[in-house]
Amino acid sequence: MSDTPHEVHESRILRTELLWAFGVGIFVAASLSMIVFTALTLNVNPPSNVERIDPKTLHLSGEFAEQNLGTTVFGDGTVIVRAIATQFMFVPQCFAVPANRRVTLRFASPDVIHGLLITGTNVNTMVVPGFVAQVHTEFTRTGDLLMPCHEFCGQGHSEMWATVQVLPVDLFKPGPDGRVSCAKR
Amino acid sequence: MRNAERLCLAHFWVAFGAFLFACVLGAWQMWVRSPLGAKIGTPGDYFMSVTAHGVSMAYVLTTFFIMGFGYFVAVTALNRPLPGWIWAWGAFWMGILGVVLALISIGSGHASVLFTFYPPLTANVWFYIGLVLVVAASWVWCALMLVAMHAWKVDNPGRPVPLAMFATVANAVMWLWTTVGVAAELLFQVIPASLGLVQTIDVGMSRTLFSWTLHAIVYFWLIPAYIAFYTLAPRAAGGRLYSDTMGRLTFILFLIYSLPVGMHHLLMDPEHGNGTKFIQVLLTAFVAAPTLLTIFTITASMEIAGRLRGGRGVFGWIATLPWKRPMVLAIGLAFVMLGFGGFGGIINMAYGMNAMVHNTSWVTAHFHLIFGGSVVIMYFAIAYEIWPRLTGRDHASLAPLRLQLWLWFTGMMVMTLPWHWLGLQGQWRRVSNFNYADPIIAAWGPWVVVSFVGGIILLTSAILFVWNLVTLHRSEVSAIAKPLYALAVHPPRRVPAALNGFGLWNVLVLVLMLLAYGFPIAQFVIEPSPAAIVHRVR
Amino acid sequence: MTEQRPQQSDPHVLDQPWRIWSTIAVMGIVLVGILLGVIVIPVVQGRSAGIDAFTAICRALGILPGSPAVPQFTDRTPPTPVSQVVWTPDVLQILARADVAKGKAKVQEVCIACHGENGVSVATEYPHLAGQSGAAIYKQLHDYRTGSRVNPQMTDIAKALDEAVTADVAAYYAGQPQRNLNPVTLAVSPPAIVQLVELGDPRRNIPPCASCHRAGAGGPIEAPVLAEQRDEYLIQQLKLYASGQRRNDVYGRMRLIASRLTDEEIKGLAAYYRAGFR
């Protein structure tokens, strides 16, 4: 192994580069394999739901009319949360979800692009006017979580957030219409 | 040569002037959103500042610096006068007009839509016209770079284009492809909405078109830093470039893999299916490759320099490198920041992990570290390296230059590392003030203050940078002519057309874009998204 | 005759392997991506959720809504009757192209009696309309017409106006100049009120008033301009929102905000806007 560069033949340089490139290839393949593996075994997906909905008539629609917002438990046990992201609040500003049970959250915006995340969970989605944003998740810890709007939506963006109450199974009691509201604190 | 020097300096001063202005705004913004400035500034002021900061850093600093550096490379690497310098000056003034229009509309409060200007929020039309003029100026630059390389090749048949110019033209070609997305969005959607010609807008389409530009643009910013890695740093360190071929390959890989990956900025968006997102995630993994290859090649080049200076043993060559030279110091600091920032990028790419960090302070931390950190520190180093050539004067002392670079590095680490942590806690972004009375948010307060301190250090460094350049203009030391560009260990005598031109790669880019973006865009042409009402910020 | 064989350094010979291999590599990568992302992953995920392959692939492409890994919820809620304004492109165009002259004529015929000729109203129970947002006026007239908002006098008046005239009237008032704004006469406002206007109140989850009600803020297009409005009218409307009697605000935002304001704040805000702060 010589220290001076002039004795390093072109082919040796090429070999070291190829060796390193092979290592880079392993790294790229490993990163991708991890993603594919979790996709196939844990069903890890980005939140995608190409479901068109007219933002201009959202308040008149069946699903996102004012009286249908919040948490509803359907006959077959599915828990669906519907909320609106609008300038500058989430409607409702608080919704309740059960712990350790699959929940489907559906969001829509009648005006501009919003986004939301629920702290401490994997719920994170943009809310794009024209589409229903849908996230499937399971809340593992009980308590009150913060759900801020995380995409700039105008001057009131900084004050836009909701509270998510994760209730233990015994406190999550749907009414006769299947609706569950936030517990008053 | 005089005209070329004035042309380059004009571009650089506009870039660095905008940069300093944006740093001041950035420090103010950090103060306002920290617990220390909780009651200061209205959302109106804050978002106006963020818009100006973003536009100055992302569009003005970058475009003007890259244009100026490109002209410099075209003249010095090819050793011939710039073709069409009248066009170059025309483009410069058109760009200035664009910057003025954009900044005036922002300053008047009619354009607080941030540098990403996502519709339906719509600004005053002059804001967009300003941006269009800057982009148009850069297109003229692209044309001049292509013309310059072509003219050189005609006069030098069969010879390999000097690497610095090859890389610059790769960047120009990539930029032409990159701007298609935002140009289409502005011309067909946003400007008509801003003018009041239409009252609604297809947001799915606009977000997708912008994503086309949004990722590739960061590689447009990054390539000049890599040009410095490959062609300036080895010479500055006193060594040789380990492999010229690898350099060419790196820039080609950036050209083909920077573009069909924009959808990784839309991983959390509802309007695209998992499958189309996955394709672009897979391609994103490949755009990590040129950076990883570069780390090896440049480290090897530095090793050559270190060993030539007497370094022995496995790591002995590191200590013998001429760290006193700003370019060498900058490489070291840039590589450290690249390590952190690149790691963050891999996290962002994996959509499962992306769900934890999307639109949190992690994202802000990531792009400030990787762009504001690794790339901009190289812009400083490039400026320090070529300023003597442009002004005919040399630095009296290198100590203030090194101090400025260390301050920038320190400030960037102190500012962005807490932000990464805060992002993981769920702190979200683009916020003018936080409710520090809330217990969750109160816990973040101390970290926000720490990163504010980092911002102050950065501002100090920015002022010192401009000061270093200003004093150089008045320096009494004359510049000594010395070689600038690195030689490769084995300078190529002949290279295949694939490594000397872009015909093949343009075809591959076209095919890649059709496969990656074809359906995602076509779906909105086949069935437009339900349109959203335009919200005018007047 | 010697055969001309291509030289090793001939660019075309150097080039061919590059062209071939780079094309194979790039196309291979993309095709693997398409295969995995559009076919393998969705089909495998679909199997665990009982979703057939075709549906799973359509969802992965975004042709069908939903995730390939989870059964899609289908909404069966009955649609609610149209009772509020819809900002369709047609409506927005009608507003943009309204005839101000016709609006003026109608105003002089009907509105002037209460709202005044220059949009400066004649008595405290009637709001000023000069310089009011056209979209806001249009919405309120429309809501009076459909019954989403109820007022003994306005309901009958609004029912007599058709859509085009409503837009004309709205455009006329919107074009009226903003009333005199002499900074010297603006009263000093208590800091708590200014803070409510500019920063809202995070503890009660209230956004700043200015984020919607300041002209050019980019908020909801039907948000009315409040500057220089009669304070008695503002107080009355906020109280009606708070009690839920007035309910034509989309998604109940004003009802929610108003119900969280104290009486003093309501008075303070009304005084703030009456003084002409924008």
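Odds and ends about this structure:
- Cross-link reach is defined here as a Cα-Cα straight distance under 29 Å, omitting same-chain residues fewer than 8 places apart; for B:LYS482 the lysines meeting it are B:LYS153, B:LYS324.
- Think of each Lys and Arg Cβ as +1 and each Asp and Glu Cβ as -1; about the Cα centre, that makes the dipole of the protein assembly as shown roughly 1660 debye.
- At R0 = 25 Å, FRET efficiency that the Cβ-Cβ distance of A:ARG141 and C:SER259 yields, to 0.05: 0.20
- Relative to the dominant Cα principal axis of chain B, helix B:85-107 is inclined by about 30°.
- Simple spin-label estimate for B:TRP93 and B:ASP155 in nanometres, 7 Å along Cα-Cβ: 2.7 nm
- Cα centroid separation, segment B:184-261 to segment C:213-278: 46 Å.
- Listed by Cβ neighbour count within 10 Å, with the fewest neighbours leading, C:ARG247, C:ARG260, B:ARG248 appear as C:ARG260, C:ARG247, B:ARG248.
- Modelled spin labels at C:ALA160 and B:ILE318, positioned 7 Å past Cα toward Cβ, are 8.8 nm from each other.
- Amide N proximity, segment B:140-160 versus B:ILE86 label position 7 Å along Cα-to-Cβ, cut-off under 16 Å: B:144
- Counting other Cβ atoms within 10 Å as a rough exposure proxy, the listed residues B:TRP89, C:TRP87 run B:TRP89, C:TRP87 from fewest neighbours to most.
- Working from Cα pairs under 8 Å separated by at least six residues, relative contact order for chain A is 21 percent.
- Counting only Cβ charges, +1 for Lys and Arg and -1 for Asp and Glu, the dipole size of chain C around its Cα centre is about 480 debye.
- Label zone at B:VAL100 (point 7 Å along Cα-to-Cβ), backbone N below 19 Å, segment B:45-63: B:56, B:60-61
- Percent of Cα pairs exceeding the 26 Å cut-off, where the set is segment A:66-180: 14 percent
- Normalised size of segment C:16-156, defined as Cα radius of gyration per 2.2 N^0.38 Å with N residues, equals 2.05.
- Here the spin labels are modelled as points 7 Å beyond Cα on the Cα-Cβ line, and at B:LEU36 and B:ALA136 they lie 4.4 nm apart.
- Within the listed set A:THR38, A:THR71, A:THR57, the Gaussian network model of chain A (springs between alpha-carbon atoms below 10 Å) gives the highest mean-square fluctuation for A:THR38.
- Cα lying deepest toward the dipole's positive end in chain B, options B:LEU390, B:MET67, B:PHE12, charges on Cβ: B:LEU390
- Gyration tensor over alpha-carbon atoms, segment B:97-205, equivalent ellipsoid semi-axes in Å: 36, 15, 10
- Chain B, relative contact order [Cα under 8 Å, separation at least 6], %: 21 percent
- Cβ-Cβ FRET estimate between C:GLU125 and B:PHE188, R0 fixed at 35 Å, reported to 0.05: 0.10
- When cysteine pairs in chain A are screened for C-beta atoms closer than 4.7 angstrom, the residues that find no partner are A:CYS149, A:CYS153.
- Computed helical MRE - 222 nm, chain C, DSSP H runs ≥ 4 contributing -39500 (n - 2.57), nearest 500: -15000 deg cm²/dmol
- Rounded to the nearest 500, the helix-only mean residue ellipticity at 222 nm of chain B stands at -23000 deg cm²/dmol, with each DSSP H run of n ≥ 4 adding -39,500 (n - 2.57).
- When the alpha-carbon atoms of chain B are used, the pair Rg, Dmax equals 22.7, 70 angstrom.
- Packing-based exposure ordering (other Cβ within 10 Å, fewest first) of A:THR140, A:THR119: A:THR140, A:THR119
- Lysines whose Cα lies under 26 Å from that of C:LYS239, excluding same-chain neighbours fewer than 8 positions away: A:LYS184, C:LYS139, C:LYS159, C:LYS267
- Unit Cα scatterers, Debye sum, the protein assembly as shown: log10 I(q)/I(0) for q = 0.07 Å⁻¹: -0.64
- As a calculated quantity, the FRET efficiency between B:ASN79 and B:LEU195 at R0 = 45 Å, using C-beta atoms, amounts to about 0.40.
Here, each number is a calculation from the coordinates, and none is a lab measurement. Treat the numbers as computed from the prediction; the structure is a model and nothing was measured. Backbone-built Cβ (ideal geometry, glycine too); neighbour counts: all protein chains shown.
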